Structures are given as C-alpha cells and as structure tokens.
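The values are calculated or read from the model by the stated rules, or taken from the named source; none is laboratory data. The structure displayed is predicted, hence computed values, not measured ones. All Cβ positions, glycine included, derive from the backbone under ideal geometry; neighbour counts span all protein chains shown. We work out accessible area using only protein heavy atoms, side chains counted, and drop any ligands, DNA or RNA first. Shrake-Rupley method; radii C 1.70, N 1.55, O 1.52, S 1.80 Å.
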Amino acid sequence: MLVDAHAHLDDSSLASFSDVLALSDVDLVVISNSVDSLSSTRNLELAKRSDRIIPFVGIHPGIFRENADDTNLRKPAIEPMIEEVRNLAYAALGIGEIGIDPKYGSVEKQEQLFLSMLSLCEKTTLPITIHSRDSVSKILQILPTFDLKGKVLFHWFAGSESELAAINDRGIFVSYGPAILVSKRLCTLVEKTPLDLILSETDSPTPFSLLNHATSTPFLIASAAFKISLIKEMKLDSLEEFICENTMRYLGTQNSLRVKSK
Ligand SMILES: [Zn+2]
C-alpha cells in the first residue's frame, strides 16, 4: 500500500482525484491537510466518502501572506477561525498544516497562530503536521514548551543536515516529496534519515517542475516512494511496508486500524 502523508484533497483541482479514491479500490491512503476553517470542514466531509482519506484540520501560516487571492485569506478573522477549527478538531485524525514561514509575512502573527494550534494539539493529543520552511530551529525551540502526546511530522523537509539530526534525535518524522527526483541535496537528506522516521508525500496539488508545472496529484507518490527505495537500496515493496508502518505509528494506535483496514 502506498501512503501520501501530505496532500490537500479539499482543493477544487483535486475533486476528480478524490472521486477516484472514493469510488475505486486503488491501494493508496492520503492524509489530507487543511489551510483554514473552510478547508478543514471540506476535508472532514471528504473523509466520510472513503476510509483512505485521513482528515487533518488546521490553519496554515500562509493565511497571513499579503498577496493571497482569497479575500478571506487577505483579511482573516483569525480568532473566530481558530475557534471554528477547535470545534472541528474533535472529528479529525490530526492537526495540520500548521507552522511558521518567514516568506508569508509577519512571523509574530504566525507564531501566535502556531501557539494556538499547538495548544489544540496538546488538548486533543492528535498527530501534528508542521510546515517549517526557514523556521526549523525556531519550531524546535517552541515544541518542548507544550506537552504534546501526538507524534510530529516536519513535512517536505528541506532544512540542513544538522537540523535533520536534531529533528530525528527527538523522534520526529520527516516526509519527502517528488522534489527528491530532481534535487541531489534532498537525496542526501533522505539517505541520512533513519528508515523508521521517514514518510512519503506529494503536497498535491502543488505544481511540480517535472510535470511542466502542472498540478500534481497523490498518484505522484509512486515516483517519490520509488526514488526513496533506490536511495535506501531497498526493494520498493519493503520500502512501502516500512512507510506504511511508520504512518501507523505517526497517526497513533487508534487510527492505525483505520489505515490497516484498507
Ligand atoms: Zn501542504
């Protein structure tokens, strides 16, 4: 079974993919992350269509970016939205995508939001997916100030080797996406990541250079998994098994049955 540990199935561009996942018996599980309260609601709805869609709720740090197309994102009523996501969290299987990214403007505002989301993680004990571009060390300082019972994933990890070591020393998972098909630096990170802390992802529908910048879908996960198996010098089957086991540990025992049943 293949696992896409990080995608955004609520995005309208992936509507037909979600139909395929819900209506066919393709052997793929997708963790669908949210970016705001509307997206969180959509992901919870999608998950009702298929056990292979694992819904995470949360508010993405990109909500503060200045040139956001969406009016709601430009002027987020952040407190009511946090409250809404708090209410939705009890039906979710994880919290994400949350984090900090200096590219999205005010780091202070993002940090406040991140702290609110982490207190939700503390309360719910759910697994967490973190966006950590250019903010790994800051996030590593913040995390121990919470009593987090859920496992943590730094998705699309692209930091330094020393940051990777600091992350893995704490038993935190990292996931790699199709960018490993084109980046030698990322391949070195994959090589250095312990096998029991590695997950695969696509971050769909993020456009991908190898697809001539067309929208990606979680089907791209097969390429990412194959590349990881080459780097780890393993057969694809064994790698898939490892990633499946890792995903179940990441999601927690309660959720593992949901994944296992497919
Ligand atoms: Zn994402």
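Each row is one residue, and each column tells you yes or no for (1) closer than 23 Å to Ser132 by Cα; (2) touching a residue at least 40 places away in the same chain (Cβ under 8 Å).
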| position | (1), (2) |
| --- | --- |
| Ser16 | no, no |
| Ser24 | no, no |
| Val29 | no, yes |
| Ser32 | yes, no |
| Ser40 | yes, yes |
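Are any of the residues in segment 120-131 over 24 Å from Glu245 (Cα atoms), out of contact with any Lys or Arg (no Cβ under 9 Å at 6 or more places or on another chain) and either open to solvent by less than 20 Å² (accessible area, probe 1.4 Å) or not in a helix (DSSP H, G or I) (or both)?
Among the residues of segment 120-131, not one is over 24 Å from Glu245 (Cα atoms), out of contact with any Lys or Arg (no Cβ under 9 Å at 6 or more places or on another chain) and either open to solvent by less than 20 Å² (accessible area, probe 1.4 Å) or not in a helix (DSSP H, G or I) (or both), which makes the answer no.
Please work out if Lys149 is in a helix (DSSP H, G or I) and of a type in the set (D, E, K, R).
no
Does any residue of segment 163-172 turn out to be open to solvent by 60 Å² or more (accessible area, probe 1.4 Å), of a type in the set (Asp, Glu) and on the phi < 0 side of the Ramachandran plot?
yes
State whether the residues of segment 135-145 include one that is open to solvent by 10 Å² or more (accessible area, probe 1.4 Å), free of Cβ contacts under 8 Å to residues at least 40 places away in the same chain and assigned to a loop (DSSP other than H, G, I, E, B).
Within segment 135-145, none of the residues are open to solvent by 10 Å² or more (accessible area, probe 1.4 Å), free of Cβ contacts under 8 Å to residues at least 40 places away in the same chain and assigned to a loop (DSSP other than H, G, I, E, B).
Please give the number of the condition Ala5 fails out of (1) under 24 Å from Leu236 (Cα atoms); (2) open to solvent by 20 Å² or more (accessible area, probe 1.4 Å).
(2)
Being modelled with pLDDT of 95 or more and either assigned to a helix (DSSP H, G or I) or within 16 Å of the chain's Cα centre (by Cα) (or both): is that true of Leu164 here?
For Leu164, the condition - modelled with pLDDT of 95 or more and either assigned to a helix (DSSP H, G or I) or within 16 Å of the chain's Cα centre (by Cα) (or both) - is met.
Read through the list (1) of a type in the set (Asp, Glu); (2) assigned to a helix (DSSP H, G or I); (3) in contact with a strand residue (DSSP E or B) (Cβ under 6 Å, 6 or more places away or on another chain), then give the number of the only condition that Asp196 fails.
Condition not satisfied by Asp196: (3).
Can you tell me which of (1) β-branched (Val, Ile, Thr); (2) more than 28 Å from Ile228 (Cβ to Cβ); (3) out of contact with any Ser or Thr (no Cβ under 9 Å at 6 or more places or on another chain) is the one Val107 doesn't meet?
So Val107 meets the others, but not (3).
So in segment 206-230, with the set limited to residues that are within 24 Å of Asp19 (Cα to Cα), of a type in the set (A, V, I, L, M, F, W, C) and open to solvent by less than 60 Å² (accessible area, probe 1.4 Å), which one is nearest to the chain's Cα centre (by Cα)?
The residue in question is Ile221.
Output the residue which, of all residues in segment 15-39 that are more than 14 Å from the ligand (Cβ to nearest atom) and closer than 20 Å to Arg86 by Cα, is most open to solvent (accessible area, probe 1.4 Å).
Leu38
Hey, can you tell me all the residues within segment 133-147 that are out of contact with any Ser or Thr (no Cβ under 8 Å at 6 or more places or on another chain) and under 16 Å from Gly94 (Cβ atoms)?
Answer for segment 133-147, where residues must be out of contact with any Ser or Thr (no Cβ under 8 Å at 6 or more places or on another chain) and under 16 Å from Gly94 (Cβ atoms): just Leu143.
Please state which one of Arg49, Arg42 is open to solvent by 70 Å² or more (accessible area, probe 1.4 Å) and outside any helix (DSSP H, G or I).
Matching residue, one of Arg49, Arg42: Arg49.
Quick one: in segment 93-112, which of the residues that are among the aliphatic types (A, V, I, L, M) and open to solvent by 10 Å² or more (accessible area, probe 1.4 Å) is farthest from the ligand (Cβ to nearest atom)?
The extreme case among them is Val107.
Considering each residue of segment 40-52, count those that are in contact with a helix residue (DSSP H, G or I) (Cβ under 8 Å, 6 or more places away or on another chain) and within 15 Å of the ligand (Cβ to nearest atom), and give that number.
1
Please find, among Glu241, Glu233, the residue that is part of a loop (DSSP other than H, G, I, E, B), farther than 24 Å from Asp134 by Cβ and away from the ligand (no atom under 15 Å from the Cβ).
Glu233 is the lone residue from the list that is part of a loop (DSSP other than H, G, I, E, B), farther than 24 Å from Asp134 by Cβ and away from the ligand (no atom under 15 Å from the Cβ).
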